[in-house]
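For reference, the structure discussed in these notes is given below.
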Amino acid sequence: QVQLVESGGGLVQAGGSLRLSCAASGLSFRLYTMGWFRQAPGKEREFVGSISWSGGTTYYADSMKGRFTISRDNAKNTVYLQMNSLKPEDTAVYYCTAGSSPLSQVSMANYWGQGTQVTVSS
């Protein structure tokens, strides 16, 4: 059974940082592009960023470029999302996903985590 378990969410002030982690099990982690999406109340799930199986290629949504960084540790079956310079509009539930490159659309995802809440106060 595939499991993607996110952690690291919470409440942070604007301008602050958070690091999300996603631990994967039950799948051949090295074979998958890993990614992050987010969903704010009343809005559609949107792409945040993704990373290739080797970690050599990353993709980001335009609004996250320069602020968010994705990395992965294939030895630990874990993908990370470092979020800096957070803004109130970054408030959302953040979801980890595994799927096909470039994993920039919901339809490219094979597996989803349960999500972790990130709240940025102004």
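The values are calculated or read from the model by the stated rules, or taken from the named source; none is laboratory data. These numbers were taken from a predicted model, which means no experiment stands behind them. As a convention, Cβ positions derive from the backbone with ideal geometry for all residues, glycine included, and neighbour counts pool all protein chains shown. Accessible surface is based on the protein model in full, side chains and every heavy atom, while ligands, DNA and RNA are left aside. Shrake-Rupley method; radii C 1.70, N 1.55, O 1.52, S 1.80 Å.
Every residue, every condition in (1) over 21 Å from Q105 (Cβ atoms); (2) of a type in the set (S, T, Y); (3) open to solvent by 20 Å² or more (accessible area, probe 1.4 Å), yes or no:
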residue	(1), (2), (3)
L20	no, no, no
A23	yes, no, yes
S28	yes, yes, yes
F37	no, no, no
K43	no, no, yes
*asked:* From the list Q114, Q82, exactly one residue is modelled with pLDDT of 95 or more, assigned to a loop (DSSP other than H, G, I, E, B) and either open to solvent by 30 Å² or more (accessible area, probe 1.4 Å) or of a type in the set (A, V, I, L, M) (or both). Which is it?
replied: Q114
_Residue count, the stretch 22-53 (criterion: in contact (Cβ under 8 Å) with a residue 60 or more places away in the chain and assigned to a strand (DSSP E or B))_ = 9
*asked:* Restricting to the stretch 1-12, name every residue that is in a strand (DSSP E or B) and open to solvent by 40 Å² or more (accessible area, probe 1.4 Å).
replied: Q3, V5, S7, L11
*Within the stretch 59-79, can you find the residues that are open to solvent by less than 70 Å² (accessible area, probe 1.4 Å), hydrophobic (A, V, I, L, M, F, W, C) and not in a helix (DSSP H, G or I)?*
A61, F68, I70, V79
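Suppose we filter V120, V93 for residues that are open to solvent by less than 20 Å² (accessible area, probe 1.4 Å) and either touching a residue at least 40 places away in the same chain (Cβ under 8 Å) or on the phi < 0 side of the Ramachandran plot (or both); which single one remains?
On inspection, the qualifying residue turns out to be V120.
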_Boolean, V48 is surrounded by fewer than 21 Cβ atoms within 10 Å (Cβ to Cβ), over 19 Å from V2 (Cβ atoms) and among the hydrophobic types (A, V, I, L, M, F, W, C)_ = no
_Report every pair of residues separated by at least 6 positions or lying on different chains whose Cβ atoms are under 6 Å apart, first residue within the stretch 4-18 and under 17 Å from G115 (Cβ atoms), second polar (S, T, N, Q) and not in a loop (DSSP other than H, G, I, E, B)._
E6/T116; S7/S21; G8/S21; G9/T116; G9/Q117; L11/T119
*Within the group G56, G15, which residue is at pLDDT 95 or above, part of a loop (DSSP other than H, G, I, E, B) and surrounded by fewer than 12 Cβ atoms within 10 Å (Cβ to Cβ)?*
G15
_So, in the stretch 85-104, exactly how many residues are within 16 Å of Q39 (Cα to Cα), assigned to a strand (DSSP E or B) and not hydrophobic (A, V, I, L, M, F, W, C)?_
3
*Test S107 against the criterion of being assigned to a loop (DSSP other than H, G, I, E, B), farther than 19 Å from G9 by Cβ and either open to solvent by 40 Å² or more (accessible area, probe 1.4 Å) or not small (G, A, S) (or both), and give yes or no.*
no
